[in-house]
Amino acid sequence: MGASIEPTTNAILLVADISGWTKFVRRHAVSAAHARQIVVHLLRAIINATEPPLTVAELEGDAVFLYALSEPGDLQSVAAKVKAQIPRLFRAFDAEMKLLSTRPRCSCESCSSVEMLRLKQVVHAGEVALEQIGKFEKLFGLDVIIVHRMLKNSVAAKQYLMISEPAYEAMGGFYDLEPEKRVEKLKGVGRLETRVFDEDQIGEVLQLLENEEGSLPEPSLGQIIKWRLKLMARSLLAMASGTMFRVSRDGSL
């Protein structure tokens, strides 16, 4: 059949989802070309902020699905490495959004309201099977379904971090913060105990990172001009061909 199912293995699963994207696109349908470019930049920033053992499983429209496989008895070590990257994904998203909102831009609605976008992350731990289909690898298993169903939750906020109880236990907490305990009813799955960290708590961790590592450098005038020219060129190309943009790890559109 050209495909082989590998035995199940433990993994930390993470989905970083851009909040408000559907509304953003519908509201700014006229400036859809720039809207697509904005999400490309934001998704690329998230992807480029990841490090091993996190691996990109799929790009899912306005979200990035990531996973980190664990050897037997090593889940806590893998969870700790993923935990260290969670705030960096928020920081990368915030930095790119700030950059997009301050660079010289056109007056279209998409470019003028990028600040409305936010990021939410959901994290789960469980068993997965990795299947090879031709040149592609795909994750299967109930826990893959669970981490995606976690996005459909009762949290009203646009930016937050939700960690399932199994993942929270594997991580041994999250930077000594006290989360809100919630029980989510996941469609077709059942009840799941979770821990939720709000935007203010995320800000505390980001401030801690900035104090330890320093703030991100401001872009140079040359970088701004280059980005602006690329934006204009891609807009003209999109209008001419109607094609979508793809994300690549090397930073090119």
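Rule-based calculations on the coordinates, nothing more; no lab input. Remember, it's a predicted structure, so these values are computed and weren't measured experimentally. Here the Cβ positions follow ideal geometry from the backbone for every residue, glycine too, while neighbour counts run over all protein chains shown.
Data overview
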quantity	calculated
Karplus 3J(HN,Hα) series, Hz, for the range 72-88 with 6.51 cos²θ - 1.76 cosθ + 1.60 (x for Gly, Pro)	x, x, 10, 4, 5, 5, 5, 4, 5, 5, 5, 4, 5, 8, 4, x, 5
Local electrostatic count, Tyr175, Cβ distance below 11 Å [Lys/Arg +1, Asp/Glu -1]	-2
